[in-house]
Amino acid sequence: MNPDASTLWRRPRWALAVLLACLGMVGPFSIDTYLPAFSGIATSIGATPVEMQQTLSAYLFGFAVMNLFHGALSDSLGRRPVVLWGVAVFTLASAGCALSSHIGPLVFFRALQGMAAGAGIVVSRAVIRDMFPPADAQRVMSQVTIYFGIAPAIAPLVGGLLFVHISWQAIFWFLSAIGAALWIANHRLLPESLHPSQRQPLNLRHLFRGYAELGGSGQFLALALAAGVPFNGMFLYVLSAPVFLGEHLGLPPQHFFVLFLITIAGIMGGAFLSGRLAGRMPAKQQVNLGFAIMAVVSLLNLALNLAFGASAWWAMWPIGLYCFGWALMVPVVTLMALDQAPDRRGMASSLQACIGSVSSGLVAGLMAPWVMHSTLALAVGAVVLMGTGLIAWHWVEARLA
């Protein structure tokens, strides 16, 4: 923690949470705004559905690879420069997507978007732990999750309206405008939270040795999997939204936001409760409660899909309840993972984000195309992803002090 943390931010704590959440919003906005326009983009540039799915995979793998460096760069150069450069590149990459007329350039600029978008997410976590002790950090992390939840709720609505009333290119120009506004806001407001005495020399050999040591820690890897993989139980439905909502539930693109409203209500509710429980409920107990909710809801969703045909009146509610359980436990697990490397939290945040992004990329590129054409297969996939995280948590729970 920065010894001068109390002097770095004079405004209300919620205002810092809003600023950091806006950095985290870049990621979901980059995905959710263009999902309603999937078929329209494919028709416009002559791409197949499989090729369009690769625009998601390229984004997620670009996000994962560059995440290995965002945190380390912020440990060496400071938090502010990495955020500002990341947001600037994201802004330019969004403009490149808008100007793309073929699938090749679109995939390239989507990968560049992903590489840049991770800077805000990774560094914002490190900023929180730089400035607050554990209980307060959990409260701020929960506030960030609440505000962060607004983006996926409104992104598909905005994307659907821009696509229907203007064009699919307008979606990426909108993202570019968001990037420009974020750059200005962070240039004016974001404090440098890394104390000069805590900066680490940027040495690639030392960096990869640190990653090898941290990656060799079973506790860290289990915590990263416990936080990141269950998220994909919900993300699988987001990735499959054009088919799940459009074909299985018969909803038009401008109504896709209903799913996101439900899921984000779950995320915001779980994150709010997580913040209220900080310092009141033991951390392990809170994580167990979150996983219990996800497990029960996942199995209920599977049973409903076995018993009934998919219908809009019930098929989306289990996803929202699942999100409630995930948001209840993820702030706690994230902080546990960062505290595995207290001297290099930027690096720990990078590796954690990388692991989560790789899992999301695999789900986007491999699992989602395979299961999206069956609601039962989607439900089974969600159970598998939740179960993977649950196994990782139970393995590490007994080993944590």
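A short reminder: the numbers here are calculations on the coordinates, not readings from a lab. No experiment lies behind these values; they were computed from the predicted model shown. All Cβ positions, even for glycine, are placed from backbone atoms using ideal geometry, and neighbour counts span all protein chains on display.
Projected over every direction and averaged, the convex hull enclosing the alpha-carbon atoms of the stretch 288-401 yields 7.8 nm². Taken along its three principal axes, the alpha carbon spread of the stretch 234-315 comes to 45, 28, 19 Å, from the longest extent down to the shortest. Highest mean first, the peptides 157-169, 71-83 sorted by other C-beta atoms within 10 Å per residue fall in the order 71-83, 157-169. Among the listed options (1) 56, 45, 40; (2) 120, 51, 35; (3) 64, 50, 43, the one matching Cα extents along the principal axes in Å as calculated from these coordinates is (1).
Projecting the Cα atoms of Leu378, Ser349, Ala364 onto the charge dipole of the chain (Cβ charges, centred on the Cα centre) puts Ser349 farthest toward the positive pole.
How high is the FRET efficiency from Ile184 to Arg209, r the C-beta distance, R0 35 Å, rounded to 0.05? Walk me through the numbers before you get to the answer.
Details: r = 38 Å, r/R0 = 1.08.
So, using R0 = 35 Å, E works out to roughly 0.40.
Computed on the stretch 291-332, the Cα convex hull volume stands at 46 Å³ per residue. When Arg110, Arg129, Arg280 are sorted by how many other C-beta atoms sit within 10 angstrom of their C-beta, beginning with the fewest, the order is Arg280, Arg129, Arg110.
Each of the peptides 85-97, 47-59, 208-220, 231-243 was scored by the mean count of other Cβ atoms within 10 Å over its residues; in descending order, highest first, they stand as 231-243, 85-97, 47-59, 208-220.
Treating r as the C-beta distance of Val50 and His165 and R0 as 35 Å, the FRET efficiency rounds to 0.80.
So if each residue of separation counts as 0.36 nm, and I subtract the Cα-Cα distance between Leu99 and Ala292, what length gain in nm does that give? Could the numbers behind the result be given before it?
On the way: separation 193, 0.36 × 193 = 69.48 nm, distance 4.60 nm.
Value of the extension gain: 64.9 nm.
In a simple Cβ point-charge model (Lys, Arg +1; Asp, Glu -1; nothing else charged), the chain has a dipole of about 800 debye relative to its Cα centre. Calculation over all alpha carbon pairs of the stretch 283-355 in 5 angstrom steps from 0 returns a P(r) of 3, 16, 18, 15, 15, 12, 9, 6, 4, 2, 0 percent. The mean of 1/r over all pairs of different alpha-carbon atoms in the stretch 6-90, once inverted, gives a Kirkwood hydrodynamic radius of 15.5 Å. Stretched out straight at 0.36 nm per residue, the stretch from Ser374 to Ala265 would grow longer than its current Cα-Cα span by 36.7 nm. Provide the gained length on full extension for the span Ala312 to Met281, in nm with one decimal, where the gain is 0.36 nm per separating residue minus the Cα-Cα distance. Taking Ala312 through Met281 to full extension adds about 7.5 nm, to one decimal.
Helices meeting the span-like rule in the chain (full DSSP H runs, Cα extent of at least 30 Å along the helix axis, mean Kyte-Doolittle score of 1.0 or higher): 103-131, 283-307, 317-338, 375-397.
Counting other Cβ atoms within 10 Å, keep those with at most 12, restrict to DSSP loop, and tell me which trypsin sites (Lys or Arg not before Pro) in the stretch 324-401 are left. The partial results should precede the final answer.
Numbers: sites: Arg344, Arg345, Arg399; in loops: Arg344, Arg399.
Taking the stretch 324-401 and a limit of 12 other Cβ atoms within 10 Å, the loop trypsin sites (Lys or Arg not before Pro) found are Arg399.
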